[in-house]
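**Q** I'd like to ask you about the structure that follows.
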Amino acid sequence: MIEVTSIVKTYGSGEAAFQALNGVSFTINDGEFVAIMGPSGSGKSTLMHILGCLDTPTSGSYFLDGKDVSTRTDDELADIRRLHIGFVFQAFNLLPRTTVLRNVMLPLVYAGVEESERDKRSKKALLAAGLAESHFGHMSNQLSGGQIQRVAIARALVNDPTLILADEPTGNLDTKTGEVVLGTFQRLNREHGRTVILITHEQDVAEHAERIITLRDGIIITDSRSHTRRQAHHHEN
């Protein structure tokens, strides 16, 4: 589903040039749950922008669903983001005095989906994200942090994306609430077959994924099954 080959990203030129990514290569299969981890300055945010079609590499290729997206124009990238990628950010980015249902519907309004279909798809996404139906009519500023993040996850799901890209999605949540939200991603991956890429700088957050790719100074230093999932696999056998 995702094939990244020799991705280089350079900012600036000449003596001021800075190489944020230095020849990164990996593949991610349909239905995988992968964490991309690294400290600040490791290149993980740059990689997230490229995977999310928010930026293009200086060299190398990025294939998403068999299409090379590394050389697309800004307009083409916008279409790919709208049709194929669901984003969940650390800042929830919801409209505060707007109902939960309306917040989730917004991408469908922009996509020109008719009202009855918008309503049906938004409710389905909210239930998949684990929010109780009794909250659908609430204003988003009446919810807890964990509930708000689940609304944001539902909004990411509503266009039925190929890929869910979560950038530090628990960064504004306490540990207990963060666990609930990470459990939501695990359930979407296991029960609904969603491909999830989680960007984080925290090992315990990354351990919720099946596989962890670790970056440092713009290169991959490890790519392995997570410790937690290895233990679970060991107990199953």
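The values are calculated or read from the model by the stated rules, or taken from the named source; none is laboratory data. It should be emphasised that the depicted structure is a prediction, and the values quoted were computed from it without experimental measurement. Every residue, glycine as well, gets a Cβ built from its backbone with ideal geometry; the counts of neighbours run over all protein chains shown.
**Q** Given the criteria assigned to a helix (DSSP H, G or I), closer than 29 Å to Gly38 by Cβ, in contact (Cβ under 8 Å) with a residue 40 or more places away in the chain and of a type outside the set (D, E, K, R), does Gln90 qualify?
**A** Numbers: assigned to a helix (DSSP H, G or I): no; closer than 29 Å to Gly38 by Cβ: yes; in contact (Cβ under 8 Å) with a residue 40 or more places away in the chain: yes; of a type outside the set (D, E, K, R): yes.
So Gln90 fails the test.
**Q** I need the full set of residues from the range 65-119 which are on the phi > 0 side of the Ramachandran plot and polar (S, T, N, Q), in order please.
**A** Just the residues of the range 65-119 that are on the phi > 0 side of the Ramachandran plot, to begin with: 65-66, 93, 112.
Scanning the range 65-119 gives a single hit, Asn93.
**Q** Going through the range 93-104 one residue at a time, which ones are closer than 11 Å to Leu143 by Cβ, free of Cβ contacts under 8 Å to residues at least 60 places away in the same chain and not in a helix (DSSP H, G or I)?
**A** Correct list: Pro96, Thr99.
**Q** Here is a further query. Of all residues in the range 116-163, which are charged (D, E, K, R), surrounded by fewer than 17 Cβ atoms within 10 Å (Cβ to Cβ), farther than 21 Å from Val180 by Cα and in contact with a helix residue (DSSP H, G or I) (Cβ under 9 Å, 6 or more places away or on another chain)?
**A** Residues satisfying the conditions are Glu117, Asp119, Asp160.
**Q** Looking at Leu108, is it surrounded by 13 or more Cβ atoms within 10 Å (Cβ to Cβ) and in contact with a Gly (Cβ under 7 Å, 6 or more places away or on another chain)? Outline the logic, then answer.
**A** Values: surrounded by 13 or more Cβ atoms within 10 Å (Cβ to Cβ): yes; in contact with a Gly (Cβ under 7 Å, 6 or more places away or on another chain): no.
For Leu108, the condition - surrounded by 13 or more Cβ atoms within 10 Å (Cβ to Cβ) and in contact with a Gly (Cβ under 7 Å, 6 or more places away or on another chain) - is not met.
**Q** Then there's this: Take Ser40 and tell me if it is out of contact with any helix residue (DSSP H, G or I) (no Cβ under 8 Å at 6 or more places or on another chain), more than 22 Å from Leu188 (Cβ to Cβ), surrounded by 13 or more Cβ atoms within 10 Å (Cβ to Cβ) and not aromatic (Phe, Trp, Tyr). Spell out how you get there, then give the answer.
**A** Values: out of contact with any helix residue (DSSP H, G or I) (no Cβ under 8 Å at 6 or more places or on another chain): yes; more than 22 Å from Leu188 (Cβ to Cβ): yes; surrounded by 13 or more Cβ atoms within 10 Å (Cβ to Cβ): no; not aromatic (Phe, Trp, Tyr): yes.
Answer is no for this residue.
**Q** Tell me, which residue of the range 150-170 that is over 15 Å from Ser122 (Cβ atoms) and at pLDDT 90 or above is nearest to the chain's Cα centre (by Cα)? Write out each step before concluding.
**A** Of the range 150-170, the ones over 15 Å from Ser122 (Cβ atoms) are 162-170.
Okay, now just the ones that are also at pLDDT 90 or above, so 163-170.
Numbers: Leu163: 7, Ile164: 4, Leu165: 1, Ala166: 3, Asp167: 6, Glu168: 9, Pro169: 8, Thr170: 12 Å.
So, considering only residues that are over 15 Å from Ser122 (Cβ atoms) and at pLDDT 90 or above, the one nearest to the chain's Cα centre (by Cα) is Leu165.
**Q** Further question on the same structure: Inspect the range 167-176 for any residue being surrounded by fewer than 21 Cβ atoms within 10 Å (Cβ to Cβ) and in a helix (DSSP H, G or I) and give the result as yes or no.
**A** Looking for residues that are surrounded by fewer than 21 Cβ atoms within 10 Å (Cβ to Cβ) and in a helix (DSSP H, G or I), one finds at least one in the range 167-176, hence yes.
**Q** Here are some residues: Ser70, Ser134, Ser116, Ser122. Which one is in a loop (DSSP other than H, G, I, E, B) and either of a type outside the set (Asp, Glu) or within 21 Å of Thr46 (Cβ to Cβ) (or both)? Spell out the reasoning first.
**A** Details: Ser134 fails: in a loop (DSSP other than H, G, I, E, B); Ser116 fails: in a loop (DSSP other than H, G, I, E, B); Ser122 fails: in a loop (DSSP other than H, G, I, E, B).
Checking each option against the conditions leaves just Ser70.
**Q** Additional query: With the requirement that a residue be polar (S, T, N, Q), within 16 Å of Ile199 (Cβ to Cβ) and in contact with a His (Cβ under 6 Å, 6 or more places away or on another chain), what does the range 155-184 give you?
**A** Going through the range 155-184, the residues polar (S, T, N, Q) turn out to be 159, 162, 170, 172, 175, 177, 184.
Now restrict to residues that are within 16 Å of Ile199 (Cβ to Cβ): 170, 172.
Within the range 155-184, none qualify.
**Q** Checking the structure you have, find out if any residue of the range 131-149 is of a type outside the set (Phe, Trp, Tyr), closer than 15 Å to Phe87 by Cα and under 14 Å from the mean Cα position of the chain (by Cα).
**A** The first filter runs over the range 131-149 and keeps only residues of a type outside the set (Phe, Trp, Tyr), leaving 131-135, 137-149.
After this cut, where a residue has to be closer than 15 Å to Phe87 by Cα as well, the list is 148-149.
When the remaining residues are screened for being under 14 Å from the mean Cα position of the chain (by Cα), the result is 149.
Yes: one or more hits.
**Q** Still on this structure, please answer the following. Taking interchain pairs and intrachain pairs at least six residues apart, which have beta carbon atoms under 7 angstrom, with the first residue in the range 1-13 and in contact (Cβ under 8 Å) with a residue 60 or more places away in the chain and the second acidic (Asp, Glu)?
**A** Final answer for the pair search is Met1/Asp30; Met1/Asp65.
**Q** Restricting the search to the range 1-28, which residues are surrounded by fewer than 15 Cβ atoms within 10 Å (Cβ to Cβ) and either out of contact with any Ser or Thr (no Cβ under 8 Å at 6 or more places or on another chain) or of a type in the set (Lys, Arg) (or both)?
**A** Tyr11, Gly12, Ser13, Gly14, Glu15, Ala16, Thr27
**Q** Output the residue which, of all residues in the range 196-237 that are surrounded by fewer than 23 Cβ atoms within 10 Å (Cβ to Cβ) and hydroxyl-bearing (Ser, Thr, Tyr), is modelled with the highest pLDDT.
**A** Per the criteria, the residue is Thr214.
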